[in-house]
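Beneath this line is the structure, given in structure tokens, with notes to follow.
The values are calculated or read from the model by the stated rules, or taken from the named source; none is laboratory data. Predicted model only: the values in this text are computed from it and were never measured. Positions of Cβ are backbone-derived with ideal geometry, glycine not excepted, and every protein chain shown enters the neighbour counts.
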Amino acid sequence: MSDERQKPGPSGQTEADPAALLDRVARDRDKAALAELFAIFAPRIKSMMMKLGADAALAEDLAQETLLSVWRKAHLYVAGRGAVATWIFTIARNLRIDQLRRQSNKPYVDLESIEIESDARGAPSLLEESEIVDRVSRAIETLSPEQREVVRLSFVHELPHAEIAVRVGIPLGTVKSRLRLAYDRLRPMLEDLH
Amino acid sequence: MTIAFHPDISTLMAWSAGTLDEPFAVVVSTHMAMCEACRETARRTDLIGGALLKAETAEPMSDGALERLLEAADDERIDLPEPRGSDSVDPSVPQPLARYLPDGLDAVKWKFSGPGVATCELPTGTNANGRLMLLRVGAGKRVPEHGHGGQELTLILRGAYGDRFGRFAAGDLADHDEDVEHQPIAEPGEDCICLVAVDARLNFRSRVIRTLQPLFGF
Ligand SMILES: [Zn+2]
Ligand SMILES: [Zn+2]
């Protein structure tokens, strides 16, 4: 706990910079760093998975599988490609989709290999993890309450647009137009973050 | 490849959130494998998911969860290369589609669906609501005019077609809502082969029968 990049977390405790932790996992196969990433992300992934309808046991499995993937794939994470939280979000999302599709026996390999091969380019983001997350969070806060609601229902509750329409009581076309407006509003703020 | 038509941003946001039904997700992923602009956009929409994950409240993990993770990490002796999914024998089939079409486009068993039009349904998981199909329109032939019972995503894999929205060539994706009516006509010279996801949930069934029956034989 001596890394100078540590910042006070919301609870007043210091929370290490996930990018530095991930770097230690990739370079040194450092299990203490993996344990710290676990402490930061596993409970949040579990919470997100439960909100989208997984029971506690399945949500916990998905959180564990996500962290194990982080251990396996740490070397594939391209530093400067954005927040570690974003990368871990995409891993958790893909594992959940994979789990939903398991009957079809077609693992969701997503686009990660294609992306890494063809897009490891562009100016790396010079912002730190916490700054990226703060900026995106602040950007989301600037949305109108209606726009924020559809974005949250879409990402955190992972509801299909048709279900959002039913839950909020608006037509499907309105869900889509609110998402479009939300993105137009967020886009300039996400532009240089990658 | 110059791509002129992309998925609607609301469709890309759903892809990023992981809420797209399997057939639609396959079409979008296949387009993204061909389209750098949409990969760039998806990186931005993924940021939203990452920020929301970071803002999640913590749901405590059960006792011993960390120890089990570290044990599992111990068992991972070597960095095995990531499974790349099955690669298709056909270079014109991008990887996200290769899992559904391992033998390539030339091995597809087409089913006659009208003059100049053939289809082939691709199997998806039992959780899928919509259907994933290949559509082949003979060079210079037209698809019967139709509307859509729900959302329809059409990605051009080979050849090109034109309709009232413009010219769609390989890599272009048409993202149509219900209410859209059109009549695609394949360009002469080469058959046009498209990957199509259609919404075929039960509550749309009566409309689907009216609109897409000639094509997909619902
Ligand atoms: Zn595109
Ligand atoms: Zn159509």
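Couple of notes before you dig in:
- Sole residue being under 26 Å from residue A:166 (Cβ atoms), at pLDDT 80 or above and in contact with a helix residue (DSSP H, G or I) (Cβ under 7 Å, 6 or more places away or on another chain), chosen from B:153, B:173: B:153
- Any hit, the stretch B:36-44, residues being part of a helix (DSSP H, G or I), within 17 Å of residue A:185 (Cα to Cα) and within 7 Å of chain A (Cβ to nearest Cβ): yes
Yes or no, residue by residue, for (1) farther than 19 Å from residue A:52 by Cβ; (2) in contact with a strand residue (DSSP E or B) (Cβ under 6 Å, 6 or more places away or on another chain); (3) away from ligand 1 (no atom under 14 Å from the Cβ); (4) in contact (Cβ under 8 Å) with a residue 60 or more places away in the chain:
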| residue | (1), (2), (3), (4) |
| --- | --- |
| B:7 | yes, yes, no, yes |
| B:38 | yes, no, no, no |
| B:41 | yes, no, no, no |
| B:44 | yes, no, no, no |
| B:51 | no, no, yes, no |
| B:55 | no, no, yes, no |
| B:64 | yes, no, yes, no |
| B:74 | yes, no, yes, no |
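- The condition of being at pLDDT below 90 and out of contact with any Pro (no Cβ under 8 Å at 6 or more places or on another chain) holds for only one of A:129, A:36, A:115, that being A:115.
- Among residues of the stretch B:168-191, those that are on the phi < 0 side of the Ramachandran plot and within 16 Å of ligand 1 (Cβ to nearest atom), counted: 8
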